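Notes to accompany the following structure.
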Amino acid sequence: GYPAISPDGTRVAFSWLAPGKRTRHIHVKPVGEGEARLLTSAEVDDALAAWSPDGRWIAFTRLANGDRADVWQHVYVIPAEGGVERKVGETWRGVSWSADGKSLVVTRVPNEAAQPDQQVGGISVLTVATGERRELTKGYRDSFAVASPDGAWVTFKRQATAAAAQIYVMPMTGGPVK
């Protein structure tokens, strides 16, 4: 699930639950002919792979406590050719690279309010090298943020009520939400 095509269009990264396995892992497969190569092998699910703009790295999420999608997910990066993964931060739902490949756009887990429309979180830009976070939005139930290829914009889903969501766009540097 959750496929992501490499910037050069030659490979696909995806999360897959292999037959007989209990957890999903990130794989990379050439477009067309070729075998999928396993990149991750944790004991909890890995998902939402995202390629760095230069195609050298893949960021992905790993469930923090196994099976609850409503909790923090750890954010990792791993070389696209395989190697040692590195935890760089946390997110709630989704991860996307900045155009310069130095940062990731992530979301913060909503608070524990009883009603979904009262749960709030927000969007942050996470510096890969240091783990430093810069808030873009706060006080909203925002998720699945994606940076534009030119680095100017971030688009995201904002849950307005338990049954309704809207798509918004804002400058990557912060500012008004449209």
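The values are calculated or read from the model by the stated rules, or taken from the named source; none is laboratory data. These numbers come from a predicted model, not from an experiment. Please note: Cβ atoms are built from the backbone with ideal geometry, for glycine as well, and neighbour counts cover all protein chains shown. Side chains are part of the model used for accessible areas, which takes the heavy atoms of the whole protein and leaves out ligands, DNA and RNA. Shrake-Rupley method; radii C 1.70, N 1.55, O 1.52, S 1.80 Å.
The table below gives the values:
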quantity: Looking only at segment 82-97, and only at residues there that are assigned to a loop (DSSP other than H, G, I, E, B) and in contact (Cβ under 8 Å) with a residue 24 or more places away in the chain, the one that is nearest to the chain's Cα centre (by Cα); calculated: GLY94
quantity: Whichever residue in segment 56-73 is at pLDDT 90 or above and open to solvent by 10 Å² or more (accessible area, probe 1.4 Å) and, among such residues, is farthest from the chain's Cα centre (by Cα); calculated: ARG56
quantity: All positions within segment 15-36 that are out of contact with any His (no Cβ under 6 Å at 6 or more places or on another chain), assigned to a strand (DSSP E or B) and either surrounded by fewer than 20 Cβ atoms within 10 Å (Cβ to Cβ) or without any contact (Cβ under 8 Å) to a residue 24 or more places away in the chain (or both); calculated: HIS25, HIS27, LYS29, PRO30
quantity: Residues within segment 154-178 that are surrounded by 14 or more Cβ atoms within 10 Å (Cβ to Cβ) and polar (S, T, N, Q), tallied; calculated: 2
quantity: Within segment 132-152, tally of residues that are in a strand (DSSP E or B), open to solvent by less than 90 Å² (accessible area, probe 1.4 Å) and either under 13 Å from VAL177 (Cβ atoms) or of a type in the set (Gly, Ala, Ser) (or both); calculated: 4
